[in-house]
1. Taking region 155-185, which residues are among the β-branched types (V, I, T) and either part of a loop (DSSP other than H, G, I, E, B) or modelled with pLDDT of 95 or more (or both)?
2. Out of D8, D59, report the one residue that is exposed (fewer than 15 other Cβ atoms within 10 Å of the Cβ) and of a type in the set (D, E, K, R).
3. Within region 175-202, can you find the residues that are within 22 Å of E104 (Cα to Cα), among the aliphatic types (A, V, I, L, M) and more than 20 Å from the chain's Cα centre (by Cα)?
4. What is the residue count in region 346-384 for residues that are assigned to a loop (DSSP other than H, G, I, E, B) and aliphatic (A, V, I, L, M)?
5. From A39, A33, A50, grab the single residue that is more than 25 Å from G240 (Cβ to Cβ), in contact with a Gly (Cβ under 8 Å, 6 or more places away or on another chain) and outside the structural domain of I209 (by TED's automatic domain parsing).
6. Considering only region 138-154, I want to know if a residue exists there that is assigned to a loop (DSSP other than H, G, I, E, B), polar (S, T, N, Q) and more than 18 Å from R182 (Cβ to Cβ).
7. Run down T327, T320 and say which single residue is in a helix (DSSP H, G or I), hydroxyl-bearing (S, T, Y) and either over 30 Å from G144 (Cβ atoms) or assigned by TED's automatic domain parsing to the domain that holds R264 (or both).
8. Got a sec? Which of V161, V249, V167 is of a type in the set (V, I, T), in the same structural domain as F353 (by TED's automatic domain parsing) and crowded, with 16+ Cβ neighbours inside 10 Å?
Amino acid sequence: MDFDWPADDDPRRLEIRDWLRRHDGDPTQEALAAAGYVAPHWPKPYGLAADPIHQLVIDEELSNAGVRRAAGGIGLGWAGPTILFGGTSEQQERYLWPILTGEEVWCQLFSEPDSGSDLANLATRAVRDGDRYIVNGSKIWSSGAHRSKFGILIARTDPDVPKHRGVSYFICPMDAPGLELRPIVDMTTAYSFNQTFFTDMELPVDNRIGEENDGWRLAKVTLGNERVSLSGEGALWGSGPSATDLLDVVRSAGGVKDPVLRDRAARLHIESEVLKLIRLRTLTSQLQGRQPGPEASVRKALADEHGQNVMRLAKDLMGTQGMLTNTGPLGQPAEFPRTQSAVEGWQSWHGGFLFSPALTIGGGTSEVQRNIVAERVLGLPHDIDVQSGNSWTQNKTG
């Protein structure tokens with residue numbers, strides 16, 4: 001890592017501070033979006049085309065001033081970048097500004113009951129009928145779909161070609177006739193997931209992003225888009241507390257005397273520092289114009305297990321009180337310190353612990369991540385694919 005951290009009097013810092021003064025230190029979401037501070041890495045006029053260091057400076061200055069940007073979630077992190085990449089100018093103008101201001105919330109409609117890790121094997125069909133598509137099928141684990149205005153949907157438009165080639169990418173209004181949501185309540189008691197059913201739902205052709213049957217390429221853009229930031233260190237997929245937050249709780253309570261718990265706390269700190277260094281190595285690669293290498297491939301596998309370790313140690317630091325929902329580690333408050341999760345049910349150490357087993361499943365299982373590392377990083381032989389070259393229909397019919 002060979003970059004210099006901007007000094008306190010860096011012109012970029014002074015510009016942000018002056019802007020904050022002109023907005024009385026409490027800018028609206030609309031003002032933040034117009035200034036390019038919500039997604040500074042996006043191109044103008046939606047962002048500032050900021051390099052990674054500039055993005056981090058903006059994050060730091062806004063955080064120091066106590067300014068919170070609306071949680072962008074899937075709209076800001078996935079839908080927006082894909083619309084920027086493959087959408088028309090009309091689609092960009094219509095959808096990007098409400099994403100930046102937080103006015104319109106988005107969800108993801110990718111995973112299906114029978115195609116989770118093998119996403120390209122999806123079965124939801126979109127059949128072209130003049131200037132519209134007729135959609136039938138179902139999706140699952142649709143996070144926040146019940147609060148969303150739109151969803152990013154991938155559906156099969158040509159079943160007679162190999163599975164990766166017959167997929168198209170759509171913008172789906174979540175109030176469209178023929179769309180039904182059924183809630184999935186997890187064991188934290190949070191209603192954050194849904195199963196989504198489509199029954200002869202109509203989508204205008206204008207809601208397709210990119211060309212027909214080019215959706216898999218766009219889906220890879222969606223899944224590969226991760227905002228360059230060192231501030232999102234929460235243990236629950238960037239939400240909730242970090243290892244540093246937990247260790248601060250330990251210090252504020254006078255530490256722990258049990259040697260096993262002390263050792264686990266030290267190991268947690270080491271894991272956190274390793275992940276921070278991986279993020280910095282990724283940042284260095286981007287500053288040098290290179291695509292992130294092996295460090296990016298291993299990050300998710302390490303980060304998800306680290307999140308589980310944070311929550312396990314927090315629960316064990318509660319002792320026998322850990323059986324109760326209204327307690328925190330070492331007698332501290334049950335609610336997360338400083339940080340707040342955007343997901344219902346995750347705002348307490350108890351809820352975070354109950355959710356943490358899902359970290360190594362959602363967004364690509366740990367087993368899938370290790371296969372990727374083995375094949376694409378270590379160069380080990382690819383698994384034999386007996387279905388290679390077959391159309392999706394041929395594979396389905398055996």
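The values are calculated or read from the model by the stated rules, or taken from the named source; none is laboratory data. On a predicted model such as this, the values are computed, not experimentally measured, just so you know. We place every Cβ from the backbone using ideal geometry, glycine too, and count neighbours over all the protein chains shown.
1. Within region 155-185, T157, V161, V167, I171 qualify.
2. On inspection, the qualifying residue turns out to be D8.
3. A176, L179, L181, M201, listed by residue number.
4. So the count comes out to 4.
5. A50
6. No: region 138-154 contains no residue that is assigned to a loop (DSSP other than H, G, I, E, B), polar (S, T, N, Q) and more than 18 Å from R182 (Cβ to Cβ).
7. T320
8. Of V161, V249, V167, the one residue that is of a type in the set (V, I, T), in the same structural domain as F353 (by TED's automatic domain parsing) and crowded, with 16+ Cβ neighbours inside 10 Å is V249.
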